[in-house]
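Single-structure report; data block below.
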Amino acid sequence: MRGNHFSIILLPTNKCNVNCDYCFEDKTRDSMPLDRLSIVIDKVLDHMERSRVGALTIYWQGGEIMTMPPSWFERAYEMIQTAAAARNKHVAHSLQTNMIGYSSKWNKIIAEMFGNSVGTSMDYPNLHRKMFRGGPDDYTRLWYQNVQAARATGIDLSVIAVANQGTLAVGAERFYSYFVDELSIHDFQVNTPFPGGEGNDVKRSMPLDVQDLARFFIDLTDVWIERGYGQGVRVGPVDELVQQFIGGNACLPCIWQKNCADQFIAIDARGFVAQCDCWVTSYPEYFFGNIFECDNLTDMLKQSPARQQFLARPTVNIQQDCLECDYLSICHGGCPVRTYTFSGTLFEKDPYCHLYKSLFRHVEDVAATIAQGRALDPSWKAPGASCAATFRGASEAALSPVLVQLENVSASAGSRLRELRVLQ
Amino acid sequence: MVDLAYNIPVRMIDEYRDSRVIVRSHSASEIVACLTKEPVKQLMYVQLLSLDCEVDQLIHWGESAPIDIVMQDPAEFPKLYRYSDLLENHPVRVSIPAAPGCYKAVKLAVSLNFGVKLLIGQPDHSLIAELARVLDLYLYRPNVAQPVEYFHSTFLSFYQGVPNALWLVQEDDPAVIRYITDDGEDTVSPRLEGIASRADCGSVLAGYQRALLAKESECESCEFWDNCGGYFKWPEKQYRCDGVKSLFRSIKAGAAELQSQLKSFEKSRGGTRQ
């Protein structure tokens, strides 16, 4: 938003073809015609020019994306790339779909627009993802059939799983085996559930026991380290956390950004703009505005009282107990939507705080062990100094007669002194 | 011969365009306006003196130019969130007064990945306790990946066994850096206000240090003189250094701990470190 890169979660349709119990979106039958998409893209590109942002990622979601025809995406893709190129902007695309509506007709656009890569969703066990007619088993069967068909054509699939009570009951080992061994999914991420949107019994039973959930994530970390780490298996968010603790510069999920309001917005099929997909479909009081009704997106974002609340959230939370946390730098109070849907306010920390802290602590230990192993490997070479050195390089180097390079201090096992952390 | 650097109000840039300069302003828009007309050859960094300015225009201005955000009061720390996007295109340091509440400000600053410089005077007993917490944060907390000055340079100095003068680390040595007041007067840094007139800026520190080393003074027998050089004896020469010495001791112990661990590690690998 203010930096070099901007993201939008774009919902060209608010329609969905399934009926999952814990969906946080309040669906409508609205879809976005191409001429309206053109207006959206022009206003987003205008905003990027005004903000001097060069790159955009569009995360295509719904509703359910595959309730739209592939031909719509073919025309949308051509239109977006042409408009972006004319303004010297770069646009990347990412697709999240439930795969229930998948057919081979999608292959061409998935290859061209999405780099032959698709994000989908499945839980284990599947208790809450359902068709309008039929239960979770019918859903799982159809999903698996379509996933297999897509993979047979060479499409890469990554999966988002939402933990449920059954997940905790089966445990991390079985959960991991289901995805990696049985489904051959080598890239999956586990999300925590939250009761967004209209209430129902499943949402009222949330949150899961946070202690149990923490245990599950810790166990999953250990299973992945033993069986998948270095073997081409990615388990989010654990893999990025390990990277963070080993060397920094990891790509942590949006729930742990310093302020998601500076990173992205969501736009739905009606043109409403809000913080993310849950907000834009279920909480009109938190809309930033409507892109079809505003003169320009930049002013809307600058002036929106709702967005001001999101921007203010970390500055308020930091004055509570987040400041004392050892993991402030990688969490910043957690996710606004999880906080709001459990607490009714933005201005508290994420209700999964205990889980996050337990997981951070465990992964920190795991990362230390990995780093130690690397340090003991003579063939491993420490990377150069981190960006920590850049300010010194520019100013103190000129002032101080002793510019000591961090690279001169080589890695060691055991110490927790920061010189080692920088190098690892 | 050291090439002098000048800390100037940004509006005076035309007078110092050929010098090494640190430019300062309370306004991001003034910085952009003054520095955009013509490039500055030797811009060391930009000093932003207020946490209440509209910072967006600085994000994409002068990419890679270092920025120093100067806090007037550590209690302003929550505002740092609004400045974190500067890091996308600039190295950024936050200068934080070593005053009650500074631990919170440092904690957030390093958590947002800013470097930190403590603006330190003559800390009293309670402030020393808070600074000890800051030092612990810098030395031992795994998520701190940025330098906290003056601790960082002092740590490296002890580690390498090479003295590193605090006057330089803190950018207060008038032989190296001059402060140009808003009225255009060429003088010493604000911390040293009153120590010298313009005429003797280059030599005043040496004279001041000679006086401190008078027989039986605290400085004469101080084990940290090579690093401190009497930095903490200004402005009040009677200031007792027990507290700041305890901080030096902790930093030295940390450096020794690292050296020891590296030695044992190399020994365990059966080799010597290059």
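Tabulated values for the structure
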| quantity | calculated |
| --- | --- |
| Average accessible area per residue (Å²) across region B:5-259 - probe 1.4 Å, nucleic acids and ligands excluded | 38 |
| Formal net charge of residues neighbouring A:ALA269 (Cβ-Cβ distance under 10 Å; K, R +1; D, E -1) | +2 |
| Simple Cβ-charge dipole of chain B, Lys/Arg +1 and Asp/Glu -1, about Cα centre, in debye nearest 20 | 1120 |
| Per-peptide average of other Cβ atoms within 10 Å, ordering B:128-140, A:151-163 highest first | B:128-140, A:151-163 |
| Per-residue [θ]222 nm for chain A (sum of -39500 (n - 2.57) over DSSP H runs n ≥ 4, rounded to 500) | -12500 deg cm²/dmol |
| Dipole magnitude of the protein assembly as shown about its Cα centre (Cβ charges: Lys, Arg +1; Asp, Glu -1), debye to nearest 20 | 920 |
| Total accessible area lost when B and A pair, probe 1.4 Å, Å² to nearest 100 | 5400 |
| Fraction of accessible area attributable to carbon and sulfur, chain A (%, probe 1.4 Å) | 48 |
| Net charge contributed by nearby residues that have their C-beta within less than 15 Å of A:SER184 (K/R +1, D/E -1) | -1 |
| Gain on full stretching of the segment that runs from A:ASP138 to A:ASP42 - 0.36 nm per residue minus C-alpha separation | 30.4 nm |
| For the protein assembly as shown, the fraction of alpha-carbon pairs in successive 20 Å shells from zero, as % | 16, 45, 30, 9, 0 |
| Charge context of A:ILE109, other residues only, Cβ under 12 angstrom, K/R +1, D/E -1 | 0 |
| Protection proxy ranking of A:254-262, A:100-108, A:268-276 - average other beta-carbon atoms within 10 Å, highest first | A:268-276, A:254-262, A:100-108 |
| Threshold 30 Å² - residues in region A:1-29 whose accessible area is reduced by that much or more when the chain is no longer isolated, probe 1.4 Å | A:ARG2, A:GLY3, A:ASN4 |
| Projected label distance in nm at B:SER217 and A:ASP365, using a 7 Å step from Cα toward the beta-carbon | 5.3 |
| For chain B, average projected area of the Cα convex hull in nm² | 16.4 |
| Hits among lysines - C-alpha to C-alpha of B:LYS233 under 19 Å, sequence gap 8 or more where chains match | B:LYS215, B:LYS245 |
| Protection proxy ranking of B:85-97, B:205-217, A:218-230, B:159-171 - average other beta-carbon atoms within 10 Å, highest first | B:85-97, B:159-171, A:218-230, B:205-217 |
| Under 19 Å from the Cα of A:LYS302 - lysines, other chains or at least 8 residues apart | A:LYS43, A:LYS258, B:LYS79 |
| Qualifying trypsin sites (Lys or Arg not before Pro) in region A:1-83, DSSP loop, other Cβ atoms within 10 Å at most 13 | A:ARG29 |
| Average partner coverage of B:81-93, which counts Cβ from other chains inside 10 Å | 5 |
| Protein accessible area in chain B, 1.4 Å probe - carbon and sulfur % | 50 |
| Debye log10 I(q)/I(0) at q = 0.19 Å⁻¹ for region B:47-180, Cα point scatterers | -1.18 |
| Sequence-distant aspartates and glutamates (8 or more away, or on other chains) whose Cα lies within less than 13 Å of A:LYS89 | A:ASP42, A:ASP46, A:GLU49 |
| Kyte-Doolittle mean at least -0.5, axial Cα span of 27 Å or more - DSSP H helices of chain A | A:353-376 |
| Shape call, region A:118-195: gyration tensor on alpha carbons, a/c limit 1.5 | oblate |
| Cα radius of gyration and Dmax for region A:272-365 (Å) | 15.4, 51 |
| Student exercise, region A:113-222 dipole from Lys, Arg, Asp, Glu Cβ charges, in Debye to nearest 20 | 400 |
| Leading residue at positive end of dipole, region A:1-98 (Cβ point charges), from A:GLY63, A:SER38, A:ALA83 | A:ALA83 |
| For residues of A:314-320, the mean tally of beta carbons on other chains within 10 Å | 4 |
| Peptide-level mean, for B:136-144, of C-beta atoms on other protein chains within 10 Å | 6 |
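The values are calculated or read from the model by the stated rules, or taken from the named source; none is laboratory data. Please read these numbers as outputs of a predicted model, since none were measured by experiment. Note that each Cβ is placed from the backbone with ideal geometry, even for glycine, and that neighbours are counted across all protein chains shown. For the accessible areas, the whole protein counts, side chains as well, though only heavy atoms, and no ligand, DNA or RNA atoms are used. Shrake-Rupley method; radii C 1.70, N 1.55, O 1.52, S 1.80 Å.
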